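Worksheet for the structure shown next.
The values are calculated or read from the model by the stated rules, or taken from the named source; none is laboratory data. Given the structure is predicted, the values throughout are model-derived calculations rather than measurements. Positions of Cβ are backbone-derived with ideal geometry, glycine not excepted, and every protein chain shown enters the neighbour counts.
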Amino acid sequence: MPIDFYITTPIYYVNAPPHLGTLYSTVLADSFARHRRILSRSVGGLSNTFFLTGLDEHGQKIERAAHARRMSPSDYCNDMAGKFLDTWAAFSISNDEFIRTSSQHHRDIVKEAWLEMWGVGDIYLGDHEGLYCVGCEATKTLDETFVTTTLDAALSQPVRYCKVHQKQAVEVVKEKNHFFRLSKYADRLLEWYATNPIDPPEYVNEVRSFVESGLRDISISRTNVKWAIPVPSDDQQTIYVWFDALMNYITPIGGVEIIRGVQWKKSMWSNVHHLIGKDILRFHAVYWPAILMSLDLPLPKKILCHGFIKTGGDKISKSGPKQIDPNELAKIYGAEAVRYFLLREYPLGADGAFTMDMLRKKYEADLANDLGNLLNRTVVLAVRALGGKVPARPAIDSHDDFTTAGDAILAISTAEKHWDTFRPSKALEETWKVIHMANVYFDRHSPWRLAEAGELDELAQVLGMVLEMIRRVALLISPAMPRTSIEILRQIGRPIDIELWSSGSELEPRLHGGATLFGWPGGTMSHPRPLFPRIAK
Ligand code: MSP
């Protein structure tokens, strides 16, 4: 099956281990990949999805981090790569490939692209004079910096700091560099923005005004950075780390020539979706598409932009008191709960606060109470009163059931639409409406009384309705909480449904010969187990 959904995360700098912010990017992309895989498998296809993440290993920042630990850059990167891989495995990240920019394959592809752009006259040698922030690995305009009262001892000038990395002084760069003719592509970039490639759409304003204010060519090489890819045929210079990093997205496909020449690879590339944080929008929505234009390759289908997770008003970052190790959160709440929290709490594009208290409250309310209790009380009753066998319940026969099923189907299809449009937080909100409906239905029908009264047929009917809602919920949460989804399906005796998506249209005919609406297909249950145990305070 051709790849019609290619999703990428930013590749992470390895100057520190993963933190909650980088996990957020990765979990978002993972949920999108899982959603698309399920969609195609549920109609009997193979996976149509390719999910790429990895590490940005070159450049001054990494060179200095390695040096500070008295390690060679490559030993240092190997060490950090292990930390990323372990964390991603703990959080069930399902990437198809893990790119490391120091690999030979990637280095060859970057050089190939450089030569292509050189060949069409888009790279030239010029004089570079500017302010450079090693934290951002980017040149800064005066407006993007601020001065303090401290004087630079050598120059007797005030020290300038980058507004993003406020503790890091910017460095003055004055050297001969290779430049990319970015200015040439301004009009085509503006035309591209008109096709709505940026999501949420309001983010386009920032890049549009940047382009409209007059694009200048950018330096794409450096003379004093050793831990980088050498410029082909210029042994005095190495390639700018962002040029190298952006190219990671084409490396798994095989490079420029192959994308241009092999139809299915070109079509895979045409379906690329870059998920990024809002701080790196300019690189992805200005520099990268212009580089692709120069290479005569299709432009990304979507740039999906997320906001920042903040503590005490600041962005969580790799250094200082704001760093939060997701592995520590997983030790308390489990990785699935952390995934849920990240996807539910922060609507795509918006910034949001993080506190331990918020995570604990969400865990208790949404997971332990709403979902966990619903499953547990349903399965416990089914096991106790019906020996775990809840037979198929093909038809909706009462008015109450009809209304509940109708409301549930509406919420389910709304949730699915939100998954289709990359809005997991809204999708989960709708899913929790179904959980709420199931809890209300359970209470309204008091099935424990039916058990006490020995009205077992009626009990099976009520439990069948609740179980069908739980089953749909289990399918709907699978992009967000894949292990929980499997565990719920196991507990309700439907492990076989794991390859399905929640919507009725494909699901029902396969399970019930097309005969029913919202019918529980039957299942045998045993060994109920609390999904989200109470956590001691
Ligand atoms: N290496 C570059 C990306 C190159 S992509 C070709 C980079 N790396 S990074 O490690 O600094 O950041 C990676 C991603 O993590 C960015 O999208 C950034 O927005 C995201 N986050 C880092 N801290 C974050 C928060 N506190 N909150 C949400 N996301 C944040 O930039």
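Hey, Asp108 hits all of (1) charged (D, E, K, R); (2) at pLDDT 95 or above; (3) more than 25 Å from the chain's Cα centre (by Cα); (4) more than 19 Å from Gly59 (Cα to Cα) but one; which does it fall short on?
Looking at each condition in turn, Asp108 falls short on (4).
Filter region 281-295 for residues that are closer than 25 Å to Gly307 by Cβ and of a type outside the set (A, V, I, L, M, F, W, C); which is surrounded by the fewest Cβ atoms within 10 Å (Cβ to Cβ)?
Step by step, filter region 281-295, then rank; the result is Arg282.
Residues Val231, Val225, Val272: which one is of a type in the set (A, V, I, L, M, F, W, C), closer than 15 Å to Ala138 by Cα and touching a residue at least 12 places away in the same chain (Cβ under 8 Å)?
Val225
Quick check on my filter: what residues within region 283-301 are within 15 Å of the ligand (Cβ to nearest atom), outside any loop (DSSP other than H, G, I, E, B) and more than 17 Å from Thr26 (Cβ to Cβ)?
Once the filter is applied, which keeps residues that are within 15 Å of the ligand (Cβ to nearest atom), outside any loop (DSSP other than H, G, I, E, B) and more than 17 Å from Thr26 (Cβ to Cβ), region 283-301 yields Phe283, Ala285, Val286, Tyr287, Trp288, Pro289, Ala290, Ile291, Leu292.
If you check Ile309 against the conditions, is it under 15 Å from the mean Cα position of the chain (by Cα) and near the ligand (Cβ under 9 Å from one of its atoms)? I'd like the intermediate steps shown before the answer.
Values: under 15 Å from the mean Cα position of the chain (by Cα): yes; near the ligand (Cβ under 9 Å from one of its atoms): yes.
So Ile309 fits the description; yes.
Does region 30-41 include one or more residues that are in contact (Cβ under 8 Å) with a residue 40 or more places away in the chain, surrounded by fewer than 23 Cβ atoms within 10 Å (Cβ to Cβ) and farther than 21 Å from Lys302 by Cα?
Checking region 30-41: at least one residue is in contact (Cβ under 8 Å) with a residue 40 or more places away in the chain, surrounded by fewer than 23 Cβ atoms within 10 Å (Cβ to Cβ) and farther than 21 Å from Lys302 by Cα.
Limited to region 1-29, what total is found for residues that are more than 29 Å from Phe354 (Cβ to Cβ) and crowded, with 23+ Cβ neighbours inside 10 Å?
Within region 1-29, residues that are more than 29 Å from Phe354 (Cβ to Cβ) and crowded, with 23+ Cβ neighbours inside 10 Å number 1.
Name every residue in region 197-214 that is in contact with a Phe, Trp or Tyr (Cβ under 9 Å, 6 or more places away or on another chain) and either surrounded by fewer than 19 Cβ atoms within 10 Å (Cβ to Cβ) or under 21 Å from Ile11 (Cβ atoms) (or both), in order of residue number.
Asp199, Val207, Arg208 - these are the residues of region 197-214 that are in contact with a Phe, Trp or Tyr (Cβ under 9 Å, 6 or more places away or on another chain) and either surrounded by fewer than 19 Cβ atoms within 10 Å (Cβ to Cβ) or under 21 Å from Ile11 (Cβ atoms) (or both).
Report whether or not Glu137 is crowded, with 17+ Cβ neighbours inside 10 Å and on the phi > 0 side of the Ramachandran plot.
When the stated conditions are applied, Glu137 passes them.
So Ser47 clears everything in (1) under 30 Å from Gln166 (Cα atoms); (2) modelled with pLDDT under 95 except one condition, right? Which one?
In the conditions (1) under 30 Å from Gln166 (Cα atoms); (2) modelled with pLDDT under 95, Ser47 misses (1) alone.
I need every pair where a residue in region 345-358 that is at positive phi and surrounded by 13 or more Cβ atoms within 10 Å (Cβ to Cβ) has its Cβ under 6 Å from the Cβ of a residue that is assigned to a loop (DSSP other than H, G, I, E, B) and at pLDDT 95 or above, sequence separation at least 6 or different chains.
Gly349/Pro200; Gly349/Gly307
Show the residue pairs that are 6+ apart or on different chains and have beta-carbon atoms under 7 Å apart, the first residue being within region 385-413 and without any contact (Cβ under 8 Å) to a residue 12 or more places away in the chain, the second being surrounded by 13 or more Cβ atoms within 10 Å (Cβ to Cβ) and β-branched (Val, Ile, Thr).
Here the result reads Phe402/Ile396, each pair linking region 385-413 to a residue that is surrounded by 13 or more Cβ atoms within 10 Å (Cβ to Cβ) and β-branched (Val, Ile, Thr).
From Pro2, Pro10, which residue is of a type outside the set (S, T, N, Q), part of a loop (DSSP other than H, G, I, E, B) and modelled with pLDDT of 90 or more?
It is Pro10.
Of all residues in region 492-537 being modelled with pLDDT under 85 and acidic (Asp, Glu), which is surrounded by the most Cβ atoms within 10 Å (Cβ to Cβ)?
Ranking the candidates gives Glu508 first.
Being β-branched (Val, Ile, Thr) and crowded, with 23+ Cβ neighbours inside 10 Å is the filter here; which residues of region 42-60 pass it?
The answer is Thr49, Thr53.
Being of a type in the set (Ser, Thr, Tyr) and modelled with pLDDT of 95 or more is true for just one of Tyr161, Tyr185. Which residue is that?
When all the criteria are applied, what remains is Tyr185.
Please give the number of the condition Ser74 fails out of (1) modelled with pLDDT of 95 or more; (2) in contact with a Phe, Trp or Tyr (Cβ under 8 Å, 6 or more places away or on another chain); (3) surrounded by fewer than 21 Cβ atoms within 10 Å (Cβ to Cβ); (4) polar (S, T, N, Q).
The number of the failed condition is (2).
Is it true that some residue in region 110-117 is in contact (Cβ under 8 Å) with a residue 40 or more places away in the chain, among the small types (Gly, Ala, Ser) and under 23 Å from Thr9 (Cβ atoms)? First the steps, then the outcome.
The first filter runs over region 110-117 and keeps only residues in contact (Cβ under 8 Å) with a residue 40 or more places away in the chain, leaving 110-117.
If we keep only those that are among the small types (Gly, Ala, Ser) as well, we get 113.
Filter once more, keeping what is under 23 Å from Thr9 (Cβ atoms): 113.
Scanning region 110-117, I find at least one residue that is in contact (Cβ under 8 Å) with a residue 40 or more places away in the chain, among the small types (Gly, Ala, Ser) and under 23 Å from Thr9 (Cβ atoms), so the answer is yes.
Would you check which residues across region 1-37 are within 10 Å of the ligand (Cβ to nearest atom) and hydroxyl-bearing (Ser, Thr, Tyr) and list them?
Thr8, Thr9, Tyr12, Tyr13, Thr22, Tyr24, Ser25, Thr26
Scan Ser74, Ser40, Ser47 and give me the residue that is outside any helix (DSSP H, G or I), in contact with a Ser or Thr (Cβ under 7 Å, 6 or more places away or on another chain) and away from the ligand (no atom under 15 Å from the Cβ).
Numbers: Ser74 fails: outside any helix (DSSP H, G or I); Ser40 fails: outside any helix (DSSP H, G or I).
Checking each option against the conditions leaves just Ser47.
Inspect region 244-252 for any residue being more than 16 Å from the ligand (Cβ to nearest atom), within 25 Å of the chain's Cα centre (by Cα) and free of Cβ contacts under 8 Å to residues at least 60 places away in the same chain and give the result as yes or no.
At the first step, the residues of region 244-252 found to be more than 16 Å from the ligand (Cβ to nearest atom) are none.
There is no residue in region 244-252 that is more than 16 Å from the ligand (Cβ to nearest atom), within 25 Å of the chain's Cα centre (by Cα) and free of Cβ contacts under 8 Å to residues at least 60 places away in the same chain.
Applying the selection to region 456-477, what residues are of a type in the set (Gly, Ala, Ser) and surrounded by 24 or more Cβ atoms within 10 Å (Cβ to Cβ)?
Hit for region 456-477 is Ala474, nothing else.
Residue by residue, here is whether (1) of a type outside the set (S, T, N, Q); (2) within 19 Å of Phe532 (Cβ to Cβ); (3) out of contact with any helix residue (DSSP H, G or I) (no Cβ under 9 Å at 6 or more places or on another chain) holds:
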{"position": "Thr355", "(1), (2), (3)": "no, no, yes"}
{"position": "Met358", "(1), (2), (3)": "yes, yes, no"}
{"position": "Leu375", "(1), (2), (3)": "yes, yes, no"}
{"position": "Asp401", "(1), (2), (3)": "yes, no, no"}
{"position": "His418", "(1), (2), (3)": "yes, no, no"}
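Kindly provide the set of residues from region 50-71 that are aromatic (Phe, Trp, Tyr) and within 16 Å of the ligand (Cβ to nearest atom), ordered by number.
Matches in region 50-71: Phe51 only.
Please determine whether any residue of region 111-126 is hydroxyl-bearing (Ser, Thr, Tyr), out of contact with any strand residue (DSSP E or B) (no Cβ under 6 Å at 6 or more places or on another chain) and either more than 15 Å from the ligand (Cβ to nearest atom) or assigned to a loop (DSSP other than H, G, I, E, B) (or both).
no
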